[in-house]
Amino acid sequence: MNWDLYLNFMAAMIAIVNPLAVLPIWSQLTSDLKGKARRETALLVVGTASGILLLFLIAGQYILTFFSIDLPVFQIAGGILLLFAGLEMVNGKGLKQEHGGTEGDRTFQIAKNRFKEIIVPMAIPMMSGPGSLTTVLLYGNRTSDVTDLAFLSVILLMVLGLLFLTFNFSGTIEKKVDPIVFNILSRLLGIIVAAIAVQFIVEGLSELFPGLSNGFPGSNNS
């Protein structure tokens, strides 16, 4: 067993997914949902991200080869999606959905409707975006046998399970923290998300067009 590989993968995924950093964004997008509807929305979001990341962990290289897609293209596309999400966060545009009825038969429908609205940016590209997809692709390629792949899959599910627990108990956290704190954090994180998005786009363009890198700030012009 390659314990160095497993521990490195766990550390990398926790750093990239970062449940505490995603929490203010989740709070902004789902603060009007209560109880079971919010929990089921969290399950749909995390479940979707888990499925995408597992698919790319196991067969990512084959998928890219089949569609003749390069990783830089993923970085650019994901960066554009992330940029729009970051700008909306900075502007304080949360998603609010009018819904009626009681908890019960309508609850899952409410959760599905909200899931459709926040799948971008929550599941894609914030949880399963260029950074996480690239990470699972790289580590998936480092596996030497089925055992390694199985361990990495379990670790991935554990990290995303931690994210689900964070979302599930977000209501308790919100009761102890003033809403203005989440509002400020969401706007600050919006700036950070936008900066990360631009970085993804720049890196993708640099890979596709190496000559452009000389014109980017911080490059060596000789």
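Mind sorting Lys36, Lys176 by how few other Cβ atoms lie within 10 Å of their own Cβ, fewest first?
Ranking Lys36, Lys176 by Cβ neighbours within 10 Å, fewest first, gives Lys176, Lys36.
May I ask you to sort Phe56, Phe209, Phe200, Phe151 by Cβ crowding, counting other Cβ atoms within 10 Å and putting the fewest first?
Phe209, Phe151, Phe56, Phe200
If you fit an axis through the alpha-carbon atoms of helix 19-30 and take the longest principal axis of the Cα set of the chain, what angle between them do you get, 0 to 90°, nearest 10?
Between helix and principal axis, roughly 50 degrees.
Give me the distance between the Cα centres of the stretch 117-146 and the stretch 152-176, rounded to whole Å.
Their Cα centres are 17 Å away from one another.
Tell me, what is the FRET efficiency for Glu207 and Lys116 to the nearest 0.05, using R0 = 25 angstrom and their Cβ-Cβ distance as r?
After rounding to 0.05, the efficiency reads 0.15.
Based only on other Cβ atoms within 10 Å, what is the fewest-to-most ordering of Thr147, Thr48?
Thr147, Thr48
Which angle from 0 to 90°, rounded to the nearest 10, does the C-alpha axis of helix 35-67 make with the longest principal axis of the chain?
20 degrees
Report the residue, chosen from Ile201, Ile192, Ile124, that carries the largest GNM mean-square fluctuation when the chain is represented by alpha-carbon nodes joined by springs under 10 Å.
Result for the chain, Cα springs under 10 Å: Ile192 fluctuates most.
Under 10 Å, Cα contacts only: if you run a Gaussian network model on the chain, which one of Leu205, Leu57, Leu82 comes out with the highest mean-square fluctuation?
Leu205
Would you look at the GNM of the chain, springs on alpha carbons closer than 10 Å, and say which of Gly140, Gly51, Gly129 moves the most?
Largest GNM mean-square fluctuation: Gly51.
For every helix of n ≥ 4 consecutive DSSP H residues, a contribution of -39,500 (n - 2.57) applies; sum these over the chain, divide by its total residues, and give [θ] at 222 nm rounded to the nearest 500 deg cm²/dmol.
Result for the chain: -25500 deg cm²/dmol, rounded to the nearest 500.
If you line up the long axis of helix 179-208 against the longest principal axis of the chain, both from Cα atoms, how many degrees apart are they, to the nearest 10?
It works out to around 20 degrees.
Computed from the coordinates by the stated procedures, all read-outs in this text should not be read as laboratory data. Note that this is a predicted model, so its numbers are computed, not measured. Using ideal geometry, Cβ is built from the backbone for each residue, glycine included, and neighbour counts are taken over all protein chains shown.
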